[in-house]
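Please read the structure below before turning to the comments.
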Amino acid sequence: MNRHRNDGIDPVARSRSRRRALQAVYAWQLSATSEGALIAEFAHEQAHEVADLEYFEDLVRGVLRHVAQLDAALAGYIDRKVDEVDPIERAALRIAAYELLHRPDVPYRVVINEAIDSTKRFGSEHGHTYVNGVLDKAALALRGTESQAARPR
């Protein structure tokens, strides 16, 4: 069965890439591992499952290289300092912020849903609710035209 969309993207592989990216960004937040070592470690693990390795690398490199910009973009929508947010939730928010800012090819609803799903899988019991609330507000600001057009009137 072909899972690819007409544009050649495999949504299941992309989801797996986001989950691996979440784990990689989480590990980086705790250990400050170098970008190259981090990608090598998690890329090796990705080789054992069907995932979009290129997308995984883009997410990890993007978050690590733009972390100050991403944190600044999120700051107005969180109720504490970014460093005080639970590490899993923080990683999910940073990845989502990267996608909202740097991946306009990914619809904002996909970004939010993937962040919620990853947080449900790896985060605290109610972490996904927090991530959803932050990203709903952030998406409106970062992707205003797209998100307003999709909102019911």
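The values are calculated or read from the model by the stated rules, or taken from the named source; none is laboratory data. This is a predicted model, so every value here is computed, not measured. With ideal geometry, Cβ positions are generated from the backbone for all residues, glycine too; neighbour counts draw on all protein chains shown. With ligands, DNA and RNA removed, areas are computed over all heavy atoms of the protein, side chains included. Shrake-Rupley method; radii C 1.70, N 1.55, O 1.52, S 1.80 Å.
Leaving ligands, DNA and RNA out of it, rank 79, 105, 58 by accessible area with a 1.4 Å probe, largest first.
Descending order: 79, 105, 58.
In the neighborhood of residue 34, defined by Cβ-to-Cβ distances under 15 Å, what is the net charge if each Lys or Arg adds +1 and each Asp or Glu adds -1?
Value of the local net charge: -1.
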